[in-house]
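The values are calculated or read from the model by the stated rules, or taken from the named source; none is laboratory data. Quantities reported herein were computed from a predicted structural model and do not represent experimental measurements. Cβ atoms come from the backbone with ideal geometry, glycine included; neighbour counts cover every protein chain shown. In case anyone asks, the SASA skips ligands and DNA or RNA and just uses the protein heavy atoms, side chains included. Shrake-Rupley method; radii C 1.70, N 1.55, O 1.52, S 1.80 Å.
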Amino acid sequence: MANNKLEKQLENYIIENKELFYRLAYSYVKNIDDALDVVQESIYKAFSSIDSLKNFDYIKTWFYRIIVNVSLDLLRKRKREVVTDEEFLLNNDIGAVDNYPNIDLEKALEALPDNYRSIIVLRFFEDLKLEEIAEILDENINTVKTRLYNGLKKLRISMDDKNKEVNNE
């Protein structure tokens with residue numbers, strides 16, 4: 001009986017926050033269809049492993065961790081896939097074009113290693129506290145702080161380099 005109550009709470013939580021989950025997934029995979037797949041897979045995994053959620057107060061970090069892990073799994077899988085037939089790609093291109101309001105920031109973020117990008121996205125785009133990020137990524141709080149600082153430094157250097165290129169043209 002307690003499990004049914006927890007499932008209902010999880011269901012309500014997901015429905016109330018679906019836009020946040022989609023945005024988080026999209027920030028990793030950069031594709032509408034993949035982001036929707038990540039959210040769907042995350043929901044499936046959440047309900048499949050609901051027994052691992054001991055306290056509903058931790059639902060946010062628990063579910064964010066699932067989304068981050070599923071997103072990273074998809075990115076790793078995508079890196080392993082090598083498609084060599086250009087004709088196949090051209091004939092099967094049905095994806096939507098994604099528009100970015102600040103393409104330089106997007107490119108700079110994409111260039112960061114995953115461990116830096118994850119922390120920056122969770123901190124500034126999802127507005128999570130450092131403690132929540134540490135729990136989601138299963139990292140020490142000091143590691144999160146260091147990676148945030150170093151990631152921002154790399155991002156700043158990257159953006160400065162892009163600005164210099166634009167000003168020199």
Practice prompt. Need at least 2 residues that are modelled with pLDDT of 85 or more per element, so show me which helices (runs of 4 or more DSSP H) inside region 68-169 make the cut, counting only ones lying wholly within it.
Written response: 114-120, 130-137, 141-168
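Okay, residues lined up against (1) open to solvent by 70 Å² or more (accessible area, probe 1.4 Å); (2) under 21 Å from Phe21 (Cβ atoms); (3) assigned by the TED database to the domain that holds Thr61:
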| site | (1), (2), (3) |
| --- | --- |
| Lys129 | yes, yes, no |
| Ala134 | no, yes, no |
| Gly151 | no, no, no |
| Arg156 | yes, no, no |
| Met159 | no, no, no |
Fill in: Count of region 26-67 residues which are farther than 23 Å from Asp114 by Cα and either open to solvent by 30 Å² or more (accessible area, probe 1.4 Å) or not in a helix (DSSP H, G or I) (or both)
12
